[in-house]
Amino acid sequence: MPPYESGRRLCLLMEAGDTRFSVEATSVMEVAAPGPDETSLRGVQEVVDLSVLLGGEPEQGPGMVVVFDVSPSLAVRVRSIVEVVDVAPAPHFLLPSGLGDTLAALSRSAVLHKERLYLELNPDSLPHEPGPVSPPPERPVHRLESTPERSLVFESQGRLFGLPLPLISQVVMRGPAFSALPGRSGAVAGVMPHDQTLWPLYSAPALLGAAPATAESFLVLAEVEGRRLGLSACRVLGVHPRFVPAGEPGEFTAPGVSAPVLFLDLRRMFS
């Protein structure tokens, strides 16, 4: 009986680069160890790193080869094989918009299995050789012009940022369910399920174009113009009142805060 008629959905779970993927078992022809040169399967079929196909870095170590049942067949090297499992009972999530055209073509959903998030990969949409990768669109940088009231102050990559309290939904720790995105993802550090939704997690320094997106220990979850998003933080300093302009656009100081705090105008950036 076909899986969709029996209520089962067998998928191969695997890791490539820093990302975890799920693929329908019916799309997999073979799983095997790579050849000694790690670039071919039994010296016959060329193997390319899945991470490289998706705009990332080459895999370290021999890894494993997965041959997809596409035309022509495609053999990719992944970091590791997790397991083959029935994911039908597992929580499923739609990917949020704004993660880039390349990812949107490859995956539209994710599955949560054993507290780990796996992006559901469509092998038919995979390129057969490395090529241009479309990252998420850059957001225009807007700094807050009006003096903020009570706001949460947090640190990311050595710089202090602030977010007005009305925008904040919650502050949570980055848990094992967090998933990095493949390749170059612009200012997006990854996605994480929370409150039955996948939240895209941005890096404030990356939004400024000052540093690459980095997933840090804390996630400041916010709701901006009907959009749910998170900001990565290495430290949360708490809520502070009585901000005054610090001289530079968007920067303010407050009693008890040792350095100027930069406020990005997320309403304008994500409207």
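About its Cα centre, what dipole magnitude does the chain give when the only charges are +1 on Lys and Arg Cβ and -1 on Asp and Glu Cβ, stated in debye to the nearest 20? Could you put the intermediate results ahead of the total?
Details: 21 positive and 30 negative charges, 183 e Å.
Computed about the Cα centre, the dipole is about 880 debye.
Report, please, the projected area of the range 66-139 averaged over directions, based on the convex hull of its C-alpha atoms, in nm². If you can, show how the numbers build up before the last one.
Values: hull surface 25.2 nm².
Answer in nm², one decimal: 6.3.
Which residues does the label zone of GLU225 cover in the range 127-157, counting backbone N under 16 Å from a point 7 Å along Cα→Cβ?
Correct set: 137-145.
Identify the residues of the range 226-256 with backbone N under 13 Å of a label point that sits 7 angstrom from the Cα of THR147 along the Cα-to-Cβ direction, or state none.
Under 13 Å, as judged by backbone N against the label point of THR147, lie 241-247, 252-255 of the range 226-256.
What per residue convex hull volume, in Å³, do the alpha-carbon atoms of the range 46-86 yield? Before the final figure, lay out each step's value.
Details: hull volume 3.7 nm³, N = 41.
Hull volume normalised by residue count: 90 Å³.
Hey, what number do you get for the chain at 222 nm if only DSSP H runs of n ≥ 4 count, each worth -39500 (n - 2.57), divided across all residues, to the nearest 500? Mind dumping the intermediate values first?
On the way: 5 runs with 22 residues, N = 271.
-1500 deg cm²/dmol, from helical runs alone.
If I stretch the segment between VAL70 and SER134 completely, what's the gain in nm (0.36 nm per residue apart, minus their alpha carbon distance), one decimal?
Working: separation 64, 0.36 × 64 = 23.04 nm, distance 2.27 nm.
Difference between extended and current length: 20.8 nm.
Work through the residues other than ARG139 whose Cβ is under 15 Å from its Cβ and net out their charges, Lys, Arg +1 and Asp, Glu -1. Don't skip to the end; give the middle numbers.
Values: positive: ARG143, ARG227, ARG267, ARG268; negative: GLU138, GLU225, ASP265.
Net of charged neighbours comes to +1.
Defining a contact as two alpha carbons under 8 Å apart and six or more residues distant in sequence, what relative contact order in percent does the range 38-178 show? Can you show the working numbers first?
Values: 167 pairs, mean separation 25.3, N = 141.
Across the range 38-178, relative contact order equals 18 percent.
Considering only protein heavy atoms and a probe of 1.4 Å, how much of the accessible area of the chain is carbon and sulfur, as a whole percent?
Values: 6550 of 12990 Å².
That share works out to 50 percent.
Determine how many Å³ per residue the convex hull of the Cα atoms of the range 1-151 encloses. Don't skip to the answer; put the middle values down first.
Values: hull volume 24.6 nm³, N = 151.
Taking only Cα atoms, the range 1-151 has a hull volume of 163 Å³ per residue.
Just to be sure I understand the model, the point goes 7 Å from the Cα along the line to the Cβ. What's the resulting SER169 to THR39 distance in nm?
Using points 7 Å along Cα→Cβ, the separation is 4.6 nm.
For labels at ASP195 and ASP18 in the simple 7 Å Cα→Cβ model, what's the distance in nm?
So the label points at ASP195 and ASP18 sit 2.6 nm apart.
Just name one of GLY238, PHE218, GLN157: the one whose Cα is farthest towards the positive end of the charge dipole of the chain (beta-carbon charges, Lys/Arg +1, Asp/Glu -1).
GLY238
Rolling a 1.4 Å sphere over the protein heavy atoms, what is the accessible area per residue of the chain, to the nearest Å²?
Values: 12990 Å² over 271 residues.
About 48 Å² of surface per residue is accessible.
Which whole-number percentage describes the relative contact order of the range 198-267, with Cα contacts under 8 Å and a sequence gap of 6 or more? Provide the component values of the computation, followed by the final result.
Working: 99 pairs, mean separation 15.6, N = 70.
After rounding, I find 22 percent.
What does the range 189-271 give for Rg and for Dmax, in Å, if only its C-alpha atoms count?
My reading of the Cα-based Rg and Dmax gives 13.8, 41 Å.
Can you work out the base-10 log of I(q)/I(0) for the chain at q = 0.08, 0.10, 0.12 1/Å, using the Debye formula on its C-alpha atoms alone?
Log10 I(q)/I(0), no solvent term: -0.39, -0.57, -0.76.
Taking Cα pairs under 8 Å and at least six residues apart, what relative contact order does the chain come out at, in percent?
On the way: 633 pairs, mean separation 46.2, N = 271.
Result for the chain is 17 percent.
Hey, rough spin-label estimate for ASP101 and SER125, points 7 angstrom out along Cα→Cβ, what's it come to in nanometres?
For the pair ASP101/SER125, the computed spacing is 1.3 nm.
Work through the residues other than ALA177 whose Cβ is under 11 Å from its Cβ and net out their charges, Lys, Arg +1 and Asp, Glu -1.
Numbers: positive: ARG20, LYS114, ARG116, ARG174; negative: GLU115.
Net charge around ALA177: +3.
The values are calculated or read from the model by the stated rules, or taken from the named source; none is laboratory data. Predicted model, so just to flag it, every value in this text is computed and none were measured. Ideal geometry is used to build each Cβ from the backbone, glycine not excepted, and the neighbour counts take in all protein chains shown. Side chains included, ligands, DNA and RNA excluded: accessible areas come from the protein's heavy atoms. Shrake-Rupley method; radii C 1.70, N 1.55, O 1.52, S 1.80 Å.
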